[in-house]
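The values are calculated or read from the model by the stated rules, or taken from the named source; none is laboratory data. Computed from a prediction, not measured in an experiment: that's the story for all the values here. With ideal geometry, Cβ positions are generated from the backbone for all residues, glycine too; neighbour counts draw on all protein chains shown. Protein only, heavy atoms only, side chains kept; ligands, DNA and RNA dropped before computing areas. Shrake-Rupley method; radii C 1.70, N 1.55, O 1.52, S 1.80 Å.
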Amino acid sequence: MMTLVAKRLLQAALMIWSIGTLSYVLMRLLPGDMAFRIAAGRYGYDNVNLAASEAVRAELGLDRPAWQQYLAWLADLVRFDLGDSLVSGLPVAHEVSHLVLHTLQLAVAAFACAVLLALPVGLFAAFRAGGWFDRCSLVASAFLRAQPVFVIGLALVLLFSLHLKLFPVAGFNGSKYLVLPAVSLALVMAAVSSRVIRHSAVGVIRSAFFDFSRVKGLSFAQSFWRHGVRNAALPVVAFLGIQFAGAIEGIVMIESLFSWPGVGHGLAHAVFNRDVPMIQAAAMALGLIFVGLNLLVDIACYLIDPRERTEP
Amino acid sequence: MRSACSFLLLFLLAGCSPNQDPEVLTLGGPFEFTSQEPSRDGYLYTRLQVAETLLEVDEQGRLQPGLAERWETSEDGLVWRLYLRDGVRFHDGTALDAQVALAALRVARSKPGVIRAAPIEELRSEDRLTLAVRLSRPYSPLGAVLAHYTTAMLAPASYRADGNVGWMQGTGPYRLEDFDPPHRLGVARFEDYWGTPARIPRVVYLTGHRAESRALQVMAGQTDIIYTLDPASVDLLRRQPDVQVHSNPIPRTIQIKLNASHPFLAPLQARQALSLVLDRTAIARHVMRVPGSEANQLIPPGLAAWRLEQLPAARRDLPRARALLAGLGWEPGADGVLQRDGQRFALSMITYADRPELFVVATAIQAQMREAGITLDVSVVNSSGIVSGHHDGTLQLALVARNYGNIADPLGLLDADYGDGGNGDWGAMGWHNEELPALLRRLEAERDPLRYRAGAQRIAGLLSEQLPVIPVLYYTQQTAVSSRIQGFVFDPYERNYHLSRMSFQP
Amino acid sequence: MTRRLLGLRRGQLAGLVLIAALVCFALLEGLLHGADPASQDLANPFAGPSLSEPLGTDQYGRSMLARLAAAVRLSLALSLLCVVTSATIGVAMGVVAGWRQGLLDKCMSLLLNIALALPGLVLVLLFASLAPGSFLMLYVGISAVLWVEYFRVVRAITRRVAASPQVQASRMLGFGALYCVRRHLWPAIVGPVLTLAAFGASASILALAALGFIAVGLRPPTAELGLMMVELFPYYNEAPWVLAQPILAVFLLVLGLNLLAGGEE
Amino acid sequence: MSVLLQVEALSVSANDVTLLEPLSLSLKTGEALTILGETGAGKSLLVQAIMGLLPSPLQARGRVLLDGQDIGRLKPALRARLWGRQLAMLPQEPWHALDPLMPAEQQVAEVYRYVGGLSAPDALERSRQDLAGVGLAGAAERLPGHLSGGMAQRLAFCAATAGGAPIVLADEPTKGLDASRRDQVAALLRRARERGAVLTVTHNIEVARQLGGHILVMRDGRLVEQGEAEELLARPKDGYTRALIGADPQHWPDITPTDGAAREPVLTVRGLHKSRGGRLLFEGLHMTVGRGEIIGISGDSGCGKSSLGDILLGLLPADGGEIRRAPQIARHRYLKLYQDPPAAFAPGIPLGRLFDDLIGLHRLDRRRLAPLLQRLRLDPGLLQRTSVAVSGGELQRLAIARALLLEPLLLFADEPVSRLDPITAREVIALLVQSATEQDCAVLLVSHDLELLRKTCHHVVSLGGRA
């Protein structure tokens, strides 16, 4: 158990270091003078002059050699000092922590929605493997998977916001605003995971131990409940780790489409605005969320699978 | 499957509440806000009528009483006296008096903002409600400065110890209720407002980054008013039965900032040729979808003193443009691109993301320039990229939108754009002209309207002859308003949304 | 499922036909039609389909046929480049890491761990922000995401094959490492790698469109499918058929590649 | 004695191809019925048809009467009600048939609980008693993955019979088990016979002998011969039955090659020891292998037979001791035969090309191949095929041919016939021993079957402390 946590912590540290390094490179690659850009972020671009940028240069030590600056940059990272946004001039750590909450809210809603959608669809398809429902769900899944996430989001907006006027188009002002982004994400997640659930469940139902359980005298329901669920859950939960990558990619799109004030949107916006400290912080936040989710998956697998625990 | 269906149904029903709350007016716009600092995001708070300024500006750009009910200037123009309205209360109950106003102005002076450019020598209170501003030299734009959002009046309790705003306590008909940066701001009616109280109890402002989503928001009835529509959405919204689109010209111009010291652009003929290549009519009609917004000079209509009325409309004239360029030695090469001494007429044009239409216009300009044999590489940068490009000299062309009504008097802005030997961050670059800065300096002290006008005309003439910046289009602010809103007014200076005058259709 | 052509299942065959048709469309347009996808005719926006413009025109009066074909060419070219690059790197590293194990394997796995800590699109976004609007950076970014899968899969297969009796037997019979790679390893990895390649191609097409959609991908006036969707979306009411074209193109490309990849996993 | 189960003219076919020809049998209380035959004889189909577990394209015809009721006509749901209660089935591969995530005792207890209707604590109690009864008391809380094959089979037996069914069907219950564990399972089946009746499917003569009762010999879906166990095993009438009985190592003639002159050693081992996973596999091992000598290595599964081979061949480091080979002999003249023949060949590549590769690599004389194949009774046409398209026996002989091409000094044969049917196994072992001896190649023959080693080897080394 502790090794799982330690492994993921190491991964998170590596990820932060690599993003930090990349951002440092990014900062130096941007056209123009770094001191000037930071001054523009702090005082607004109407109020930038040579004096202001020289003050920034002296304060931040931008005249030191590159490697010293790099080390200082990393040292700031360790202290979670991610710098000030080049656009708003505010500390990005504060801004991102605000965004993270919204992203988690959206992610949890989407995930719950996806589970509620994928689980019954996947299981029903598995129980009637090869039947019409199975085939329909396959086609639906293939259809959904062949779309970029935002097309699904747009379609939902057109249908539910513009024609039925049930849900708001975009923005964030209450739970109603959560529905369409969460459902769009959930549809994409469910498109894949319902098939994974189906395959995993079919695999279990066709397994020798499931047959043997029936032969022992247990009913299908008893067998599925006692032997099917746990065994089928393992690959599904393990797959969640992969699914989360897709989900976070989806979050970037969906947040952007629905103007949802989350990290993904913040990242896309920051990339668009060339706001390097913000890019760095948002990417790290997404990376940390991702690593955190993977840790949860690891722990879930660990709890589901007693073999992991008894192995030396 | 059945459970999935019922779940979906549940979800749908949960969302089935009416989209439009009868108590709340929802606004949408592209502006992101990050603070309550007047120096940074003050425009939003004056627009939402949380904060007010000492003076106001009417639609013609004339100064009007604000929190100061009248004002006067001494004979020599060096002392301004402002007489505050009595009985004005801040949202926290504090009364507005000269001391409080003074304190607010001092804080404003300590931060970046237009007030810093004013040659203020001393601020003092003469009695409870009288405020005096002493200048080192006459400065006519001071009135406009005192109407600018950065000098909005806030109660002393608004400021934290470090002088930054903690929670804004203004004097407006709405008080700040929710502050959820950068996307959501809620204000509620202030019952003790000194003027006519607002009718709609609450207003929510939502930031919407995607222009197309903003348009959809108003169509879906989610939002009541959407500011700054993208051109593509305008036609769509015009066809909606329960939405009205208001098109209001605003004193803002889309212009091409250029580096006049660049070898390709240094000769006046080259700049004239570029201007002649532009098909402003087509862009106005098909891209911006506002016919008649072609710009033949920089200062937009509405600022009458600065307009050259005799100037003919700008028309595309490709043959003349080619002839001018040929005169400079540019000849079309094999691929149609002009060449001179082995150099291709290739330039980069940057623009920035804050205004969605800029990029669209840039795309059209790119295609039009290509027809004349000029290739443009268009890229989008952060808006600070324009300024930094100006300073480090890398900028070649930039498509920018310039607000000449920022402080109601364009003088300050022109000074920022052309005051530095003819150059400025957002204005001319690499252009050398000493006459224009001198004229500007003179006008700042000018109090005679006729002479002021003559100077303004001379400046407009200079800009139009020398073309240090090429005007493209005048802005028209497109606002979509839901039909349930009554009493919508638009302020061309975008200082105030006049929400307190609006009401819902019964 | 039993009938096969070229060793492909029915679904894969359908995917192949779809992709082949799109490639033909994209290439033939370049040869036969050949209009400039960036040339505007502002007086002629959203012209309906005609003989000269079978797919109509967009908001700037640009030829949709030319733009669509250019966009499909771009998507296909990018995905092909990304897949070839990432597969080459991923397979080579996977084989080396899986075969030699030890320190080299540890170092590569470290790299893998870093790459795995970031969702792919975030990595691509980071690269895209290095040089906005640059095709090269998108290519590097997407390849940097895709190699991971090849590496993981190939490394796992290589470890399995390297430890298998068949390789042990060949080594004992005196065969060298190269022979083992050729006879034992390559046949084992070529199938999974091709499947990954098809998925990778569809992933890169989606990524390209996604970046276009959030306006950090290629810049206009490049005809790119995601960008076209964003640009045309405001006109969804005015010219739905024009908006439908890039959406359909992405759909067919991705569907074709997913089908070609075959199977569901 | 009442008839518990009556099968009348039961046949199984797939798409009009008959896989099991009509067969009738009856099972009375206290009776054991054993169906003997090799892979593909249709034995498992018979068991599946009785249970109602045939996979979808297969169809059964005929009648299966249980207490006079034709259960073949029951709806699947009703038929499933008989499982565990009337009919119990022992799985072929117990490891796969046990839930990998559930502790052993739970897998038995759930039957008492859900089939027997006991409360959870009572069910667990009964389950523990059962497990203790088969010597699994110490393993009650272990997961199946931590059980040996024999333990897993005993656990499966407890689970299968906990429902109280009088009839137990066992499908190859001793597959992959070594002699001692095989006998334990046979004992369990004899116990089940006392409570009802047992129908066992096996290819192992010894199991059939131990179970006694009635024997049916089947081949290619047909009944070849039947009779009482003692009579039939002692005096088989049909040639196939005779071959089958003769394939049991007990009945093999001694085929150990006659001893020649004094042999020069090809491999000398002194004081070898090795442990794995904290467990000592062997220590102080001394062994000298001379040219052309056949040495048997016996021991139960997991005793380190394969590890020994890998150490001797230099594929695995030893923990200590000394291994000396004949001087100046190429590395590739010490070779290995694998337990699972297909695992030793590159799949998907024609065998002929693999042989060509080998001949090319060592610049061998191509003309030696044909006589070698002939010696091993292999059709040269097999070389056109890939390894998956060749039977296990043929492939193992091809593996022998591949090894012998290199004129090896030592061949380590790791359970070379344990995956093969008995008749084939006998043939392969005989050919291996003969052809190796002809080339003066020493063979280290690993097997769990001591009888087999006694019949083939000059002497036998036992690992794991048992002889």
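Tabulated results
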read-out: Filter result for B:ARG199 (surrounded by 17 or more Cβ atoms within 10 Å (Cβ to Cβ), modelled with pLDDT of 90 or more and over 23 Å from the mean Cα position of the chain (by Cα)); value: no
read-out: Candidate set from region B:388-404 (those that are surrounded by fewer than 23 Cβ atoms within 10 Å (Cβ to Cβ) and aliphatic (A, V, I, L, M)); member that is farthest from the other protein chains (Cβ to nearest Cβ); value: B:ALA401
read-out: Of residues in region D:109-118 being facing another protein chain (nearest Cβ under 9 Å) and assigned to a helix (DSSP H, G or I), the one most open to solvent (accessible area, probe 1.4 Å); value: D:TYR114
read-out: Listing of helices (runs of 4 or more DSSP H) fully contained in region A:227-312 that carry 3 or more residues being facing another protein chain (nearest Cβ under 9 Å) and open to solvent by less than 40 Å² (accessible area, probe 1.4 Å); value: A:229-257, A:263-273, A:276-304
read-out: Positions within region D:329-339 being part of a loop (DSSP other than H, G, I, E, B) and more than 7 Å from chain C (Cβ to nearest Cβ), in sequence order; value: D:ILE329, D:ALA330, D:GLN339
read-out: Which listed residue is open to solvent by less than 20 Å² (accessible area, probe 1.4 Å), modelled with pLDDT of 85 or more and within 12 Å of chain A (Cβ to nearest Cβ), from C:LEU208, C:LEU121; value: C:LEU208
read-out: Test: residue in region C:71-78 that is in contact with a helix residue (DSSP H, G or I) (Cβ under 6 Å, 6 or more places away or on another chain), free of Cβ contacts under 8 Å to residues at least 60 places away in the same chain, away from chain B (no Cβ under 14 Å) and open to solvent by less than 10 Å² (accessible area, probe 1.4 Å); value: no
read-out: Sole residue being charged (D, E, K, R) and modelled with pLDDT of 85 or more, chosen from D:ARG73, D:ARG63, D:ARG79; value: D:ARG63
read-out: Given (1) open to solvent by less than 10 Å² (accessible area, probe 1.4 Å); (2) outside any loop (DSSP other than H, G, I, E, B), number of the condition D:HIS96 does not satisfy; value: (1)
read-out: Filtered residue count, region D:221-240, keeping only those that are under 23 Å from the mean Cα position of the chain (by Cα), within 17 Å of D:GLU206 (Cα to Cα) and open to solvent by 60 Å² or more (accessible area, probe 1.4 Å); value: 0
read-out: Among the residues listed as B:THR223, B:THR151, B:THR207, the single one being more than 14 Å from chain A (Cβ to nearest Cβ) and among the polar types (S, T, N, Q); value: B:THR151
read-out: Among (1) more than 25 Å from C:VAL124 (Cβ to Cβ); (2) open to solvent by 10 Å² or more (accessible area, probe 1.4 Å); (3) within 14 Å of chain B (Cβ to nearest Cβ), the one test that C:TRP241 misses; value: (3)
read-out: Residue that is of a type in the set (Ser, Thr, Tyr) and open to solvent by less than 10 Å² (accessible area, probe 1.4 Å), where the choices are B:TYR159, B:TYR174; value: B:TYR174
read-out: Of residues in region B:42-88 being part of a loop (DSSP other than H, G, I, E, B) and basic (Lys, Arg), the one surrounded by the fewest Cβ atoms within 10 Å (Cβ to Cβ); value: B:ARG62
read-out: Scope region C:213-236; condition open to solvent by 10 Å² or more (accessible area, probe 1.4 Å), more than 10 Å from every other protein chain (Cβ to nearest Cβ) and not aliphatic (A, V, I, L, M); matching residues; value: C:THR222
read-out: Any chance A:LEU106 is open to solvent by less than 30 Å² (accessible area, probe 1.4 Å) and in contact with a Pro (Cβ under 8 Å, 6 or more places away or on another chain); value: yes
read-out: Test: residue in region B:339-357 that is within 24 Å of the chain's Cα centre (by Cα) and of a type in the set (Lys, Arg); value: yes
read-out: Residue that is farthest from the other protein chains (Cβ to nearest Cβ) [pool: residues in region A:156-171 that are surrounded by fewer than 24 Cβ atoms within 10 Å (Cβ to Cβ) and in a loop (DSSP other than H, G, I, E, B)]; value: A:LEU164
read-out: Index of the failed condition, B:PHE190 passing every other in (1) away from chain C (no Cβ under 14 Å); (2) modelled with pLDDT under 90; (3) open to solvent by 10 Å² or more (accessible area, probe 1.4 Å); value: (2)
read-out: Residue count, region A:122-155 (criterion: open to solvent by less than 20 Å² (accessible area, probe 1.4 Å), assigned to a helix (DSSP H, G or I) and touching a residue at least 24 places away in the same chain (Cβ under 8 Å)); value: 10
read-out: Single residue of region D:365-403 satisfying the filter (outside any helix (DSSP H, G or I) and open to solvent by 20 Å² or more (accessible area, probe 1.4 Å)) that is nearest to D:VAL433 (Cα to Cα); value: D:ARG377
read-out: Criterion: assigned to a helix (DSSP H, G or I), in contact with a helix residue (DSSP H, G or I) (Cβ under 7 Å, 6 or more places away or on another chain), within 14 Å of chain D (Cβ to nearest Cβ) and in contact (Cβ under 8 Å) with a residue 40 or more places away in the chain - qualifying residue of A:VAL202, A:VAL188; value: A:VAL202
read-out: Residue list for region B:384-410, filter: within 25 Å of B:ALA118 (Cα to Cα) and within 15 Å of the chain's Cα centre (by Cα); value: B:ALA401, B:ARG402, B:ASN403, B:TYR404, B:GLY405, B:ASN406, B:ILE407, B:ALA408, B:ASP409, B:PRO410
read-out: Any chance D:GLU407 is open to solvent by 30 Å² or more (accessible area, probe 1.4 Å) and in a helix (DSSP H, G or I); value: no
read-out: Residue match in region D:162-170 (condition: modelled with pLDDT under 85 and assigned to a helix (DSSP H, G or I)); value: no
read-out: Residue in region C:133-140 that is within 20 Å of the chain's Cα centre (by Cα), farther than 20 Å from C:THR88 by Cβ and either within 11 Å of another protein chain (Cβ to nearest Cβ) or open to solvent by less than 30 Å² (accessible area, probe 1.4 Å) (or both) present; value: yes
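Quick grid of which residues meet (1) in a helix (DSSP H, G or I); (2) in contact with a Lys or Arg (Cβ under 7 Å, 6 or more places away or on another chain); (3) of a type outside the set (Gly, Ala, Ser):
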residue	(1), (2), (3)
C:ARG182	yes, no, yes
C:TRP186	yes, no, yes
C:GLY191	yes, no, no
C:LEU194	yes, no, yes
C:ALA197	yes, no, no
C:GLY200	yes, no, no
C:ILE205	yes, no, yes
C:ALA215	no, no, no
C:ARG219	no, no, yes
